[in-house]
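The values are calculated or read from the model by the stated rules, or taken from the named source; none is laboratory data. None of these values were measured; they are calculated from a predicted model. Cβ atoms come from the backbone with ideal geometry, glycine included; neighbour counts cover every protein chain shown.
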Amino acid sequence: MIESPSPELLYLLSGDPAELAEMLSAMRPVDVAEALSRLQPDAAAQLIKALPFDLVVQVFDEPELEGRAEIFEKIDAASAAPLLEAMSADQQADLFRELSQSERDRLAKPLDAPTRQSLALLLRYPPEVAGGIMTTEAVTVPSDWTVDQTLKYIASVGGAKETVYTIYVLDATQRMVHVVSLRQLMMADRNARVLEVGPQRAPLSVTPTTDREDVARILSKYNLLAVPVVDEGGHLLGIVTVDDVIDAIVREQTEDVQKFGGMEALDEPYMEISLLSMIKKRAGWLCALFIGEMLTATAMGFFEGEISKAVVLALFIPLIISSGGNSGSQATSLIIRAMALREVTLRDWWRVASRELPSGIVLGLILGFIGFVRITLWQQFGWYNYGSHHMLVALTVSSALVGVVTFGSLAGSMLPFVLRRFGFDPASASAPFVATLVDVTGLIIYFSVAFLILRGTLL
């Protein structure tokens, strides 16, 4: 596969926007979107004037186009209005969410009434719910139409709709009463009523406040290309398509990954966010984690006497606390993902705890055995002298590993439940947060075990 040349290179080679536009016209819309994303907004706005209108519409409908808001700010309202009206409704809404209020007012003024009404409806909802990612461009027909009337209507309006593979049948009050696929229509009697085609069961639907992850699960479970969004009265507001959900889920997963790294989610792509914003997003959590780690120093200070008596114990502090943090991070990752997939709910916390407790014990025993063997072998081969009580030291380390790993597994698995119970995002139970918690408790467990085993010998 031949990679498309970068827009910068094309721009330098041509020196002429019209010539560059001709080159870009031969590319796929998504490739053109990526090319425009690498240009400055002024250059991109100048370039799209020379591109075919239909291509520009397709390009601005691509989620891959970065900096759409900045490009539109360089286009006069009269020229922008036809482009906005031709864009899909959900992309219109996404664009307006990126604009300042003054830019919204400037661009909305010349729009036709239906477009303004559609935007007003979609902008009522945040992008995390069905209402925020739906489109109003669904194929709807009256319940008294025939199959022939419906097929002719699809042929006349299909080009302006998000999808034509699913048709939504409405009664006289605009309530959705039936859903039929294009395949079912094509195979049905042309004189039959559209209401009689397909299975006679209540259509699947979601409300505008349904979480986008729940919408994704419905689409996946029932193998749908789109799911209708209805209000409390059953009136059709719009549809959420598979591609809308994919884009939304990618953004949400990106946010979760960033939160899991111990920081706030970025509002912009990494290469576009300002240095100041980057620092703001990272500094808060980093300071909180740093303060948490100070507790580790406090705990070590509390056990200073034990450390001074048995300096050998200090050698294994990184081993102990890192093992607990690793086990906690594993458990947290598993539970957060299971929550996202609705494999577990808040009511399942006891079942999770009953699984993680024996898992933590077994994992701790495995690591404890490895630690015991390591200390013993190093002592036997003379690679390091742990003293005359090396067997007790090995027993201390291995026993502490069992306790710390078990605690880490339990803590890591329960933290997401606690956060969800109090209304926080479980992704906030990030690996660094869990590690910080286990560092402190790990030291307490380690030196408590050491005191019990080594009392009367090294302590």
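Quick rundown of the values:
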item	result
Verdict on E232 being under 20 Å from the mean Cα position of the chain (by Cα) and either among the acidic types (D, E) or in a helix (DSSP H, G or I) (or both)	no
Test: residue in the range 111-125 that is within 21 Å of P228 (Cα to Cα) and assigned to a strand (DSSP E or B)	no
Answer residue from the range 35-62, given it is hydrophobic (A, V, I, L, M, F, W, C) and surrounded by fewer than 17 Cβ atoms within 10 Å (Cβ to Cβ) and is farthest from the chain's Cα centre (by Cα) among those	A50
Residue that is farthest from V344 (Cα to Cα) [pool: residues in the range 357-387 that are in a helix (DSSP H, G or I) and either in contact (Cβ under 8 Å) with a residue 60 or more places away in the chain or touching a Gly at 6+ places or on another chain (Cβ under 8 Å) (or both)]	G364
Which numbered condition L346 fails, given (1) loosely packed, with under 12 Cβ neighbours inside 10 Å; (2) in contact with a helix residue (DSSP H, G or I) (Cβ under 7 Å, 6 or more places away or on another chain); (3) at pLDDT below 70; (4) not aromatic (F, W, Y)	(3)
Search result, residues across the range 128-144 that are part of a loop (DSSP other than H, G, I, E, B) and buried (at least 17 other Cβ atoms within 10 Å of the Cβ)	M134, T136, E137, A138
Scan of the range 63-75 for residues that are modelled with pLDDT of 85 or more and part of a loop (DSSP other than H, G, I, E, B), ordered by number	K74, I75
Residue tally, condition assigned to a helix (DSSP H, G or I) and either of a type in the set (D, E, K, R) or within 20 Å of D244 (Cα to Cα) (or both), over the range 38-54	2
Condition met for G328 (in the same structural domain as F422 (by TED's automatic domain parsing), in a helix (DSSP H, G or I) and surrounded by 12 or more Cβ atoms within 10 Å (Cβ to Cβ))	yes
Among (1) touching a residue at least 24 places away in the same chain (Cβ under 8 Å); (2) assigned to a helix (DSSP H, G or I); (3) loosely packed, with under 14 Cβ neighbours inside 10 Å - the single one I336 does not satisfy	(3)
All positions within the range 163-196 that are in a strand (DSSP E or B) and within 16 Å of D231 (Cβ to Cβ)	Y168, L170, R175, M176, V177
When residues of the range 93-127 are limited to those that are surrounded by fewer than 20 Cβ atoms within 10 Å (Cβ to Cβ) and among the small types (G, A, S), the one nearest to R217 (Cα to Cα)	A120
R347 vs. criteria within 29 Å of the chain's Cα centre (by Cα) and among the basic types (K, R)	yes
Near pairs, Cβ below 7 angstrom, 6+ apart or cross-chain, from the range 175-199 (free of Cβ contacts under 8 Å to residues at least 40 places away in the same chain) to any residue that is among the aromatic types (F, W, Y)	S181/Y165; L182/Y165
